[in-house]
1. Determine which single condition S137 fails, assuming it passes every other condition in (1) surrounded by 15 or more Cβ atoms within 10 Å (Cβ to Cβ); (2) modelled with pLDDT of 85 or more; (3) polar (S, T, N, Q).
2. Looking at the range 36-58, can you tell me whether even one residue there is in a helix (DSSP H, G or I), of a type in the set (V, I, T) and touching a residue at least 24 places away in the same chain (Cβ under 8 Å)?
3. Among the residues of the range 39-81 satisfying the criterion of being among the hydroxyl-bearing types (S, T, Y) and under 24 Å from E112 (Cβ atoms), which is surrounded by the most Cβ atoms within 10 Å (Cβ to Cβ)?
Amino acid sequence: MKRQRPLSPQSLLLAGFALIMLLTVSLTGISLYYLVSYGTNMTRTVDDQNLRLNYAYTMRTAARERALALFSMASSDDPFQRDQYLQKLLKQGSMFIKARKNLEQLELSGQEAQQLEQIITAADNTAQYTYKSLNYSDRGNSIRPGR
């Protein structure tokens, strides 16, 4: 029977170094995989939040422009100019509804859905007064304060 020679210290050091390098490379690969995965998830989350903010901003701007158009319409005596303001008011209303519907289609948290419901309720209540004002002004009445 032949006896095996014990491994030399140089061989043990070389094997240990190779093992450490293998572990380092594998841990680096795993780390890069998770880093890319987190980056993708973060990008998706940021894009989703930006989309929500864009819809909310569109709704806010449309409501503001709609109020300004109604005020301008009430301040004008020229029927053609009033018609332009009416067209702007209707266009802004359509933009508001479109942004709201797009926002409703997104997956919303409980708090976001509740806030959106409050906004919809407030918009519906305001729309009633807007249409009353429009009907009143269409009959030739002024809706300006103090007149």
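1. (2)
2. The answer is yes, given that some residue of the range 36-58 is in a helix (DSSP H, G or I), of a type in the set (V, I, T) and touching a residue at least 24 places away in the same chain (Cβ under 8 Å).
3. Restricting to residues being among the hydroxyl-bearing types (S, T, Y) and under 24 Å from E112 (Cβ atoms), the top hit is Y55.
The values are calculated or read from the model by the stated rules, or taken from the named source; none is laboratory data. Because the structure is a prediction, the values reported are computed rather than measured. Cβ atoms come from the backbone with ideal geometry, glycine included; neighbour counts cover every protein chain shown.
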